[in-house]
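In what follows, a structure is listed as structure tokens, so that the remarks can point back to it.
Any read-out appearing in this document is the output of simple, stated calculations on the displayed coordinates, not a laboratory observation. On a predicted model such as this, the values are computed, not experimentally measured, just so you know. Don't worry about glycine lacking a Cβ; one is built from the backbone with ideal geometry, like all the others, and counts go over all protein chains shown.
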Amino acid sequence: MHRVAEHGNCPTLYEVVETGDIVVQGDQLTNPEELAHLRDVGEHETFVVIPRELLTRCAPKE
């Protein structure tokens with residue numbers, strides 16, 4: 001696994017070299033009002049908050 005992009009120490013994006021999958025490290029979403037809007041969440045799943053600027057910086061450029 002190698003680091004793809006970072007915004008300070010956290011959040012960070014990592015790529016699993018073997019599969020090309022992206023792993024996200026970020027602050028856990030804990031606000032009950034925001035969590036109440038989320039649906040179809042598996043017991044093994046969680047949510048992390050990623051600033052939009054981190055994702056747009058890593059998006060493919062045309």
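General observations
- Cα centre as origin, Lys/Arg/Asp/Glu Cβ charges: segment 15-62 dipole, Debye: 240 debye
- Scanning residues 5 or more positions from Val4 or on other chains, those with amide H under 5 Å from its amide H are Leu13, Tyr14, Glu15, with H placed 1.01 Å from N in the peptide plane.
- Hypothetical label at Cys58: residues of segment 13-32 whose amide nitrogen lies under 20 Å (7 Å Cα-Cβ projection): 13-30
- J(HN,Hα) series, segment 49-58, from Karplus relation 6.51 cos²θ - 1.76 cosθ + 1.60, nearest Hz, glycine and proline x: 9, 10, x, 3, 4, 5, 5, 5, 5, 9
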